[in-house]
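The structure appears below as structure tokens.
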Amino acid sequence: MKHQTTSPWTFIPTLYFASGIPYVIINTVSVIFYKKLGIDNAQIALWTSFLYLPWVIKMFWGPIVDIYSTKRKWILYTQFAMFGCLGLIAFCLQLPNFFFISLAALTVGAFISATYDIATDGFYLLALSPEQQAFFVGIRSLFYRMAVIFGSGILVVLAGQLEVSLNNIPLSWTIAISFSALILAITFIFHRLALPIPESDDQRQPEAIEKIPFWTIISSYFAQEKIVYILAFILLYRLGEAMLVKIASLFLLDKPEVGGLGLSTSEVGLVYGTFGVISLICGGILGGMFISKYGLKKCLFPMALALNLPDIFYVYMAYTKPSLTLVYPLVSLEQFGYGFGFTAFSVYLMYICQGEYKTSHFAISTGIMALGMMLPGLISGYLQKTLGYPLFFVLVCLLTIPGMIAIFFIPLQEKSKSPSL
């Protein structure tokens, strides 16, 4: 790799902040603005769950990003395209048929965002030395999480305040989404000027795609010992959470007369998108410390309990309708447990990716993980509408059990050290 004078501190934070903004708007914020714009819960959960699909199947066009053009150009192209998508979403919220147009734009944006993630991760490996890669892995995660706080917290609070001051919900969300598009435009200009050009980031010949052992990679993944149990674990570990995540913000926003808590948009931005995400980050950090000290084998089941048991807080809130003062700690504790327990899951995905194709195997694992989030989300809205919030959250708690049972069947022999985060 050619020596680079540009410090990674210059571009790594902005690359991963720009990665997090589209993801959180597409998969989290869309649920909130569709709710505020009057779309039915079942429709919201169904169609926004389909938006996970590009992250499920992105491994299939990863080789195209690897071969055609350079990672740097892919980053710039997709970032500019994402700016255009967010701008279109902001504009079409003013139209009578906004739902279908914005949903189409979100779908295109999801494919663009997933491609940006592929290019960014590849660029990370090319532009940084192995020592820098190890050092900046925590930095990139931090700035990605900051983007989540920005999107699900600050952006939602901004929209909520605009709703009150302008008394115009569509215009409020147009302004908020436009603001996020402006940030991506600024980062595009910055990256156009600041991203280094690694010597190894070259454009390969198209015929090189024939040399990629694509089907060998796929088959070697599914040839692993106890692969059926591994797949069951990946799909079921977050089954309850996959149901909960699409409905939680809808429950917080819905009026008390239909079973919700009746929070304002700004309050949801603070409760769920700010304090909740901060708690999730803290849980993830503590989870990493626990695994580092005690090992994955000892930690996996206790951390699964930490992920799933706090779901009962939503059962309590659905039945008792507590005050906002109590909602803050309950949601924060649930998100803390989510972050703590998800860390064990992430480390296990690294644990099973060994050998020559471990990077590709990890992409397959994360794709299956995204599928495990998408499929339950598709029906979560219909189940909530049929059962009502209290019984739906009871069902969520029951659906956490299969994933915890699967832990006892997966291969998990303790190594000298668990995979590093």
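The values are calculated or read from the model by the stated rules, or taken from the named source; none is laboratory data. Keep in mind the model is a prediction, meaning the values are calculated, not measured. FYI the Cβ positions are ideal-geometry reconstructions off the backbone, even for glycines, and counts take in every protein chain you see. SASA here: full protein model, heavy atoms, side chains in, ligands and nucleic acids out. Shrake-Rupley method; radii C 1.70, N 1.55, O 1.52, S 1.80 Å.
The figures follow:
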read-out	value
One residue from Leu300, Leu244, Leu286, Leu261 being touching a residue at least 40 places away in the same chain (Cβ under 8 Å) and not in a helix (DSSP H, G or I)	Leu261
Near pairs, Cβ below 9 angstrom, 6+ apart or cross-chain, from the stretch 222-236 (on the phi < 0 side of the Ramachandran plot and aromatic (Phe, Trp, Tyr)) to any residue that is open to solvent by less than 50 Å² (accessible area, probe 1.4 Å) and assigned to a helix (DSSP H, G or I)	Phe222/Leu231; Phe222/Ile364; Tyr229/Ala406; Phe233/Phe345; Phe233/Tyr348; Phe233/Gly403; Phe233/Ala406
Tabulated pairs, the stretch 146-173, first closer than 20 Å to Leu88 by Cβ, second part of a helix (DSSP H, G or I) and among the acidic types (Asp, Glu), C-beta under 7 angstrom, 6+ apart or interchain	Ile169/Glu163; Ser172/Glu163
Matching residues, the stretch 350-374, being free of Cβ contacts under 8 Å to residues at least 24 places away in the same chain and either at positive phi or open to solvent by less than 30 Å² (accessible area, probe 1.4 Å) (or both)	Cys353
Val347 vs. criteria outside any loop (DSSP other than H, G, I, E, B), out of contact with any strand residue (DSSP E or B) (no Cβ under 7 Å at 6 or more places or on another chain), at negative phi and modelled with pLDDT of 95 or more	no
Residue within the stretch 326-333 that is among the polar types (S, T, N, Q), open to solvent by 10 Å² or more (accessible area, probe 1.4 Å), touching a helix residue (DSSP H, G or I) at 6+ places or on another chain (Cβ under 8 Å) and at negative phi present	yes
Matching option when the condition is among the hydrophobic types (A, V, I, L, M, F, W, C) and surrounded by fewer than 22 Cβ atoms within 10 Å (Cβ to Cβ), among Leu300, Leu239, Leu305	Leu305
Residue match in the stretch 294-315 (condition: at pLDDT 95 or above and in contact with a Pro (Cβ under 7 Å, 6 or more places away or on another chain))	yes
